[in-house]
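A short worksheet on the structure shown next.
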Amino acid sequence: MTLFADDEVAAAVDPSSADNVFFMIGGTEAARRTACDLAERLAPPGSQRRPASVLHAILVLVGTYDPRAVARAIQIGDLMRGAAFRLVFDRLERFGNGAVVLGCAETPDAFLEVRRQLTQAARSLGKDVMGGQRPHLTVAYGGPAFEPIRLDEPLVWEAREVLLVRSLHGKAAHEELGRWSLL
């Protein structure tokens, strides 16, 4: 697999398939609650809101859950070194797959560097991964189309660690598989 644009990555992750494994930035509980509040106020009527517990900014999709892939992903995480950074979500928008997301106008260099390291480490271990998305938080799915909405007050998402998680299909829950600090 190669790196993909936002809609191509979203289309490659079949929501009806098995659990997926990915590296992510989890954010603080307060930031996740604020993101949910924004979705409640601004997401289109009829959209299905995501619970705060699963909100994240994905760095790299490892693929469908498999214990061997998880073991490799943990090795990949062990090779990653990165600086802490902030993601500033300044708009609510919709992706082509129906995802309602908080998006960033700018992608911090530190985010790109952590993603580059994870992708490069994965390739050195013989694992292809996807990581071409720009930072975003999926806060809802569905509802009618809408024009992007600029937030009056951006949401700042502190990135102090990278998590490896298994997204439990159909359960709106994650199982933590690994955690690494950003310095």
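The values are calculated or read from the model by the stated rules, or taken from the named source; none is laboratory data. Note that this is a predicted model, so its numbers are computed, not measured. No Cβ is skipped: glycine too gets one built from the backbone with ideal geometry, and neighbour counts run over all protein chains shown.
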**Which listed residue, of GLU106, GLU176, GLU147, is acidic (Asp, Glu) and either in contact with a helix residue (DSSP H, G or I) (Cβ under 7 Å, 6 or more places away or on another chain) or closer than 25 Å to ILE74 by Cβ (or both)** = GLU176
**Complete:** If we keep only residues of segment 56-81 that are farther than 15 Å from ALA121 by Cβ and assigned to a loop (DSSP other than H, G, I, E, B), then the residue farthest from the chain's Cα centre (by Cα) is ASP66
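Return the only residue of SER17, SER53, SER47 being at pLDDT 50 or above and either among the β-branched types (Val, Ile, Thr) or under 15 Å from the mean Cα position of the chain (by Cα) (or both).
Only one candidate passes the filter, namely SER53.
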**Matching residues in segment 124-148 - criterion: being within 20 Å of the chain's Cα centre (by Cα) and more than 21 Å from PRO51 (Cα to Cα)** = LYS127, ASP128, VAL129, MET130, GLY131, GLY132, GLN133, ARG134, PRO148
**Request:** Check segment 95-102 and report whether any residue there is aromatic (Phe, Trp, Tyr) and modelled with pLDDT of 95 or more.
**Result:** no
**Message:** Need pairs with beta-carbon distance below 6 Å; first residue on the phi < 0 side of the Ramachandran plot and within segment 29-53, second part of a helix (DSSP H, G or I) and surrounded by fewer than 16 Cβ atoms within 10 Å (Cβ to Cβ); sequence gap 6+ or separate chains.
**Reply:** ALA52/ARG33
**Asked** Within segment 65-73, is there a residue that is more than 21 Å from LEU182 (Cα to Cα), surrounded by 13 or more Cβ atoms within 10 Å (Cβ to Cβ) and not acidic (Asp, Glu)?
**Response** yes
**Prompt:** Residues in segment 106-120 that are buried (at least 18 other Cβ atoms within 10 Å of the Cβ) and of a type outside the set (Val, Ile, Thr): how many?
**Reply:** 4
**Fill in**
Among strands (runs of 3 or more DSSP E) entirely inside segment 121-183, those with 2 or more residues being in contact (Cβ under 8 Å) with a residue 24 or more places away in the chain and surrounded by fewer than 19 Cβ atoms within 10 Å (Cβ to Cβ) are 149-159, 161-168, 173-181
